[in-house]
1. Quick check for me: using +1 on Lys/Arg Cβ and -1 on Asp/Glu Cβ, what's the dipole size of the chain about its Cα centre, in debye to the nearest 20?
2. Taking Cα atoms, how many degrees apart are the long axis of helix 29-43 and the longest axis of the chain, rounded to 10 and kept between 0 and 90?
3. What list of ³J(HN,Hα) values in whole Hz, one per residue of segment 139-151 in order, does the Karplus curve 6.51 cos²θ - 1.76 cosθ + 1.60 (θ = phi - 60°) give from phi, with Gly and Pro shown as x?
4. Set Lys and Arg Cβ to +1 and Asp and Glu Cβ to -1, take the dipole of the chain about its Cα centre, and tell me which of Gly60, Cys94, Tyr117 lies farthest positive.
5. So how tilted is helix 69-80 from the main axis of the chain? Cα-based, degrees 0 to 90, rounded to 10.
6. List the relative contact order of the chain as a percent without decimals, with contacts defined as Cα pairs under 8 Å and 6+ residues apart.
7. Can you check what the net charge comes to around Gln22, using other residues whose Cβ is under 13 Å from the Cβ of Gln22 (Lys, Arg +1; Asp, Glu -1)?
8. Would you calculate, for the chain, the mean residue ellipticity at 222 nm contributed by helices, counting each DSSP H stretch of 4 or more residues as -39,500 (n - 2.57) and dividing by all residues, to the nearest 500?
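What follows draws every value from the coordinates through simple rules; no lab data is involved. The structure presented is a predicted model; accordingly, all values stated were derived computationally and were not measured. Neighbour counts run over all protein chains shown; Cβ positions are idealised from the backbone, glycine included.
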Amino acid sequence: MGERAGYRVREGNTVSHILRKQWFIGNRRKDIETLIKKVARKLLVNDLTKEGVEEINSGGIALRHDLYIGRLTASLFSVLYEPPFDSIEHSPDCDISDWGLYEIELVEWNRWVIWHYDVAWNDGELENKEKIAEVTFQSGKMLDDGMHFVWYGDKNE
């Protein structure tokens, strides 16, 4: 039932849990770009006013110099999670073999690399790691002007 995929965040040797989506969200460039933009926009919301600030690396927002795996994971999960079928899992043997695992690697606060792994049925092995995109954010710019993608491979066509 459904087309399953997993999503997680990596920073160095630390990886988040996997959000297992019952209904897959995109392997096309447009879908991934939209997802990343929603995650970044979520990080640009001021906690006190709940309003979008949208200037990268400014004030009381989370898309700035002190971004870390916990904040990025929370943003990803809050953008993607919809009950009742989505779940948070520990390992890739959680039936995400339809579309595999998508990973945002937090290289620096303003540089993210998007990876895709094929996942074999129920064995928890990640196979064929492929770099899909690199995203950079330019400090002091608004999100639409300061977010830049470089695309790789053919998973995103």
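1. Dipole of the chain, to the nearest 20 debye: 460 debye.
2. 50 degrees
3. Values per residue, Gly and Pro as x: 4, x, 9, 6, 4, 4, 8, x, 10, 10, 9, 10, 9 Hz.
4. Ranked along the dipole, the leading option is Gly60.
5. 70 degrees
6. Contact order relative to length: 26 percent.
7. Once all neighbours under 13 Å are counted, the net charge is -3.
8. The per-residue figure over the chain is -6000 deg cm²/dmol.
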